[in-house]
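Visitor: Okay, handing you the structure first.
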Amino acid sequence: MTEARPDRRRASGWRVRFRYAWLVRAVVVALAVAPVAPLLVVCATAWIDQGARGHVYPAASVPAAPVALVLGARVFPDGVPSPFLTARLALAKQLYDTGRVRVLLVSGDNRRRNYNEPDAMRRWLVAHGVPARKVVEDYAGFDTYDSCARAKLVFGVSRAVVVTQTYHLGRAVSLCRHLGIDATGVGDDTQRVAWVAWQRAAVREYGASVKAVYDLSAHRSPVLGRHETGVQDALRSG
């Protein structure tokens, strides 16, 4: 037993040195990136604005498309959509009710067993009068890039109206268009009343814009899988 103690101390020392080295590398990277970070944000934001320009509309005048891609957001532990997500769903329902779209593809996070955005989105839409056969779920829309890529590569969507909040809309439309979808977008503004949450989300968009440019430039592979026929089946249904 006495011989094991120096080994444990040695192992503990290695762990401390490893953590210290990792911290030093993180600080060095942060210091290297910091001077160019504002430029990265400006360039990424300009790229997104350019990609979405001319493709964002009010709900009443957006060109008709076969599909609305409704992007997920927070769902409460009891399965109720958050106000931000509810606003997106209400906007998608409006597009369906007015004949602007024929099918709703709801894309969100379901990576944890007890958290399911697409099911919550579907329940809300069906409870508010959208036929169940017209709602298709994408359970691997872990972020905007994944949702757009999977809409194209897994669900075969070539033309769509993207539905989200306005602060997020430019990035979503740009990503979809660069990934091969003829996308337009409609954004919700009603949640501006939640001023603090809205501003916090809007500020996060700066970093998310840089990530979007990186994902496209690096050709990041989304979570894929077998081809899904749900959208085509829903379009064929009466």
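The values are calculated or read from the model by the stated rules, or taken from the named source; none is laboratory data. Treat the numbers as computed from the prediction; the structure is a model and nothing was measured. Every residue, glycine as well, gets a Cβ built from its backbone with ideal geometry; the counts of neighbours run over all protein chains shown.
Visitor: Which residue out of 186, 210 is modelled with pLDDT of 95 or more, of a type outside the set (Gly, Ala, Ser) and in the same structural domain as residue 53 (by TED's automatic domain parsing)?
Guide: 186
Visitor: Ok, one more. Do we find a residue being of a type in the set (Asp, Glu), in the same structural domain as residue 63 (by TED's automatic domain parsing) and either surrounded by 24 or more Cβ atoms within 10 Å (Cβ to Cβ) or closer than 27 Å to residue 221 by Cβ (or both) anywhere in the range 140-158?
Guide: Yes, the range 140-158 contains a residue that is of a type in the set (Asp, Glu), in the same structural domain as residue 63 (by TED's automatic domain parsing) and either surrounded by 24 or more Cβ atoms within 10 Å (Cβ to Cβ) or closer than 27 Å to residue 221 by Cβ (or both).
Every residue, every condition in (1) part of a helix (DSSP H, G or I); (2) of a type in the set (Ser, Thr, Tyr), yes or no:
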residue: 168; (1), (2): yes, no
residue: 177; (1), (2): yes, no
residue: 191; (1), (2): yes, no
residue: 198; (1), (2): yes, no
residue: 201; (1), (2): yes, no
residue: 209; (1), (2): yes, yes
residue: 213; (1), (2): yes, no
residue: 219; (1), (2): no, no
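Visitor: Which of the numbered conditions does residue 51 fail, given that it passes all the others? Conditions: (1) crowded, with 17+ Cβ neighbours inside 10 Å; (2) in contact with a strand residue (DSSP E or B) (Cβ under 9 Å, 6 or more places away or on another chain).
Guide: Answer for residue 51: the failing condition is (2).
Visitor: On to the next question. May I ask you to verify whether residue 169 is under 23 Å from residue 85 (Cβ atoms) and in contact (Cβ under 8 Å) with a residue 60 or more places away in the chain?
Guide: Yes; evaluated as a whole, the condition is true for this residue.
Visitor: With respect to residue 93, is the statement that it is under 15 Å from residue 230 (Cα atoms) and either assigned by TED's automatic domain parsing to the domain that holds residue 210 or among the β-branched types (Val, Ile, Thr) (or both) true?
Guide: Here the answer is no, as residue 93 does not meet what is asked.
Visitor: If you don't mind, another one. Test of understanding: among 182, 189, 233, which residue is farther than 17 Å from residue 101 by Cβ, over 16 Å from the mean Cα position of the chain (by Cα) and among the charged types (D, E, K, R)?
Guide: Testing whether each residue is farther than 17 Å from residue 101 by Cβ, over 16 Å from the mean Cα position of the chain (by Cα) and among the charged types (D, E, K, R) leaves just 189.
Visitor: When you look at residue 173, is it crowded, with 24+ Cβ neighbours inside 10 Å, in a helix (DSSP H, G or I) and assigned by TED's automatic domain parsing to the domain that holds residue 224, yes or no?
Guide: yes
Visitor: Let me ask something else. Looking only at the range 98-113, which residues are in contact (Cβ under 8 Å) with a residue 12 or more places away in the chain and surrounded by fewer than 16 Cβ atoms within 10 Å (Cβ to Cβ)?
Guide: Once the filter is applied, which keeps residues that are in contact (Cβ under 8 Å) with a residue 12 or more places away in the chain and surrounded by fewer than 16 Cβ atoms within 10 Å (Cβ to Cβ), the range 98-113 yields 98, 99, 111.
Visitor: Of everything in the range 212-221, what is touching a residue at least 12 places away in the same chain (Cβ under 8 Å) and out of contact with any Ser or Thr (no Cβ under 8 Å at 6 or more places or on another chain)? Give them in sequence order.
Guide: The answer is 213, 215, 216, 220.
Visitor: List pairs: first in the range 52-79 and within 14 Å of residue 161 (Cβ to Cβ) and in contact (Cβ under 8 Å) with a residue 40 or more places away in the chain, second among the basic types (Lys, Arg) and part of a loop (DSSP other than H, G, I, E, B), Cβ under 6 Å, 6+ apart or cross-chain?
Guide: Pairs found: 62/100; 66/102.
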